[in-house]
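The values are calculated or read from the model by the stated rules, or taken from the named source; none is laboratory data. Please read these numbers as outputs of a predicted model, since none were measured by experiment. Heads up, the Cβs are rebuilt from the backbone with ideal geometry, glycines too, and the neighbour counts pull from every protein chain shown. Just so you know, the surface numbers come from the protein's heavy atoms only, side chains and all, with ligands and any DNA or RNA stripped out. Shrake-Rupley method; radii C 1.70, N 1.55, O 1.52, S 1.80 Å.
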Amino acid sequence: MDNRAMRDARVGILGGGQLAQMMAMAARAMDVGCRFYETSSAAPGATVGEVVTGSFDDRESLRRFAAGMDVVTYEWENVPVDAARLLAETAPVHPSPRALEVAQDRLVEKDFLRDLGAATVAYAAVDGEDDLARAIDAMGTPALLKTRRLGYDGKGQMLIPTPADAGAAWAQLGDSPLILEQYVAVDRELSIIAVRGADGSIGHYPLVESRHEAGILRVSTAPAPNVAPAIVALARTHIDRVLATLDYVGVLAIEMFDMGGTLLVNEMAPRVHNSGHWTIEGAATSQFENHIRAILGLPLGSTDAAGLSCMVNIIGTLPRLEAVLAIPDAHLHLYGKSPRPGRKLGHVTVRAAAADELDRRRDAVIRAVAPELLAATGR
Ligand code: AMP
């Protein structure tokens, strides 16, 4: 590995995927180097810093990775808490291992959010087939059975449309600890991203509206259109409470369901988030830069939006570059991953000064990178 990257790395990032890569690119602009810890050296992060490879229970490699770092952070909420606690003996870890612990178990997370006053869907712990039958009796169907741990992008969950479908869902997921959630008809999905500095100062990005397909984020619009001030205030109250309770340093995202004017909190991500990728071009300071600033104890940058933005994920197959780059104010990001169905390969952020112009440009981007989405909405 390049000696310079070894010498000047100051931030250690657990995980070397695209989120780590984009954090490192923001850090690089401030002459801060990053080092990644990954199970494979063929990670997107390898293009922008040194990758230390090892498993997350390899204490020796973890210590070697953290040696000399000013701070350690992570791009993935399923980093084992024990690994984060071990590293905290060598360098400060932000966000705190406690944030990881809460976010990586859906049941602990929902209890935590409820205790802080946030509304959620009805849910129940499911540790056996009897629990599942009882929970379905109490909650009704449709319901979603989810693994408590290690689910992401819609993985590890099964819809139970009627009580008769419970057995099939149990057969699929029953060997893990589970949570059953009421399946709600969501008006739209919103997320809030905020950053908290080491001095306790907080910056909030505008709310984002996101569209998911099969549990995976496809399109985000920022600022989210038609959000009542009371909803913005409520989302900020929720995130501020989480930040304060966890004495959190760094970027945090909370995903919510907008239910005709009330918010149900779905989950939190103790890291930079896909619904914040638009901030690279669409905000005064990107979520990636603000995360690096926060964890290094530096002043935060403005979280104000610069115009209107839309972000479209590139999933599974790569688009023709010319088709994307010909769209006015469209910005292409490719993570260097090889195409595979369902895999996030990159994203495009497109900006505009007015809503109708943004709609047109967004549709042009979707036509170039995900035409099946337009077919789904009949456009
Ligand atoms: P999650 O894995 O919890 O982030 O869920 C992924 C996506 O599935 C969410 O963004 C929603 O689109 C959908 N979803 C998850 N939970 C529910 C629920 N209880 N009711 C309706 N839709 C849900």
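Scanning the stretch 274-283 for residues that are within 16 Å of the ligand (Cβ to nearest atom) and open to solvent by 10 Å² or more (accessible area, probe 1.4 Å) turns up just one, ASN274. Selection of the stretch 189-211 for residues being in a strand (DSSP E or B), crowded, with 17+ Cβ neighbours inside 10 Å and within 16 Å of the ligand (Cβ to nearest atom) yields GLU189, LEU190, SER191, ILE192, ILE193, VAL208, GLU209, SER210. Within the stretch 304-318, restricting attention to residues that are touching a helix residue (DSSP H, G or I) at 6+ places or on another chain (Cβ under 9 Å) and open to solvent by 20 Å² or more (accessible area, probe 1.4 Å), the residue that is nearest to ARG362 (Cα to Cα) is LEU308. Look through the stretch 2-18, keep the residues that are over 20 Å from TYR335 (Cα atoms) and open to solvent by 10 Å² or more (accessible area, probe 1.4 Å), and return whichever of them is modelled with the highest pLDDT. Per the criteria, the residue is ARG10.
Restricting attention to the stretch 263-270, does a residue exist that is within 11 Å of ILE193 (Cβ to Cβ) and within 14 Å of the ligand (Cβ to nearest atom)? Yes, the stretch 263-270 contains a residue that is within 11 Å of ILE193 (Cβ to Cβ) and within 14 Å of the ligand (Cβ to nearest atom).
Matching residues to (1) touching a residue at least 24 places away in the same chain (Cβ under 8 Å); (2) surrounded by fewer than 19 Cβ atoms within 10 Å (Cβ to Cβ); (3) among the aliphatic types (A, V, I, L, M); (4) away from the ligand (no atom under 13 Å from the Cβ):
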position	(1), (2), (3), (4)
ASP127	yes, yes, no, yes
PRO142	yes, yes, no, no
LYS155	yes, yes, no, no
PRO161	no, yes, no, no
ALA168	no, yes, yes, yes
GLN182	yes, yes, no, no
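Filtering the stretch 170-189 to residues that are more than 30 Å from GLY260 (Cα to Cα) and touching a helix residue (DSSP H, G or I) at 6+ places or on another chain (Cβ under 9 Å) leaves TRP170, GLY174, PRO177. Residues in the stretch 359-379 that are surrounded by 13 or more Cβ atoms within 10 Å (Cβ to Cβ) and outside any helix (DSSP H, G or I): ALA370 alone.
Residue count for the stretch 212-240 satisfying the condition of being outside any loop (DSSP other than H, G, I, E, B), open to solvent by less than 20 Å² (accessible area, probe 1.4 Å) and within 23 Å of LEU308 (Cβ to Cβ): 7. Assess whether ALA91 counts as being hydrophobic (A, V, I, L, M, F, W, C), farther than 30 Å from ASN266 by Cα, in a loop (DSSP other than H, G, I, E, B) and in contact (Cβ under 8 Å) with a residue 24 or more places away in the chain. It is true that ALA91 is hydrophobic (A, V, I, L, M, F, W, C), farther than 30 Å from ASN266 by Cα, in a loop (DSSP other than H, G, I, E, B) and in contact (Cβ under 8 Å) with a residue 24 or more places away in the chain. The number of residues in the stretch 324-358 being in contact with a helix residue (DSSP H, G or I) (Cβ under 9 Å, 6 or more places away or on another chain), in a loop (DSSP other than H, G, I, E, B) and among the hydroxyl-bearing types (Ser, Thr, Tyr) comes to 1.
Taken as a whole, the structure leaves GLY301 outside the set of residues that are at pLDDT below 95, surrounded by fewer than 21 Cβ atoms within 10 Å (Cβ to Cβ) and in the same structural domain as ALA224 (by TED's automatic domain parsing).
For the stretch 19-72, give me each residue that is open to solvent by 20 Å² or more (accessible area, probe 1.4 Å), touching a Lys or Arg at 6+ places or on another chain (Cβ under 7 Å) and over 27 Å from ARG343 (Cβ atoms). Across the stretch 19-72, the qualifying residue is only ASP70.
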